[in-house]
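Chemist: One structure, as structure tokens, below. Some questions next.
Here, each number is a calculation from the coordinates, and none is a lab measurement. Predicted model only: the values in this text are computed from it and were never measured. FYI the Cβ positions are ideal-geometry reconstructions off the backbone, even for glycines, and counts take in every protein chain you see.
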Amino acid sequence: MYAIPSSLTLQVQDYDHVRSTLSTHGFGLGGNWDYDHGSFDCALDDANKVWLRLPFDVTVGSLDSESQENHTAIRFGQPFVLKHVYNEGSDREAQPRAFGAMVDQFSDPIDPDDEIESHWINLASRKLKIVESLYPA
């Protein structure tokens, strides 16, 4: 993980507006969201192993993925780049289970916090500058 200083950090914005705007720039709601926090993620590579993440906390309302309009305010945290290098294929040591097969059929990451090369940091910084221009401080 590599943190990138940003003028977005601590800004409060309307969730629906941010979600709509960022989706046109390749961002989607990250899978680790909950009612009081989440992130907007953008893959920086075709293999979906390097990501620019814009974390946020909910300050008003709560997130609801089923609702078209959330009337929710969010406060951005510090953006960062993360890289996950995964073993390809299925996990040979996985134990067969009915429910578990849906959850853990893939192998563990080789290194969930792999070193991030400078070209990914530069690409993420350029992408972040575009986002910052949408939300001037």
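Chemist: Sort 20-32, 123-135, 44-56 by packing, meaning the average of other beta carbons within 10 Å per residue, with the highest value first.
Modeler: By packing density, highest mean first, the sequence is 44-56, 123-135, 20-32.
Chemist: Applying the Karplus parametrisation 6.51 cos²θ - 1.76 cosθ + 1.60 with θ = phi - 60° to the phi angles of segment 16-33, what ³J(HN,Hα) value in whole Hz is obtained for each residue in order, glycine and proline being reported as x?
Modeler: Working through the residues one at a time gives 4, 5, 4, 4, 5, 5, 5, 5, 6, 10, x, 9, x, 5, x, x, 9, 6 Hz.
Chemist: Something else: Please give the FRET efficiency for D46 paired with A3, using the beta carbon to beta carbon distance and R0 = 25 Å, rounded to the nearest 0.05.
Modeler: 0.55
Chemist: For D36 and S23, compute 0.36 nm times the residue count separating them, minus their Cα-Cα distance, and round to one decimal in nm.
Modeler: 2.7 nm
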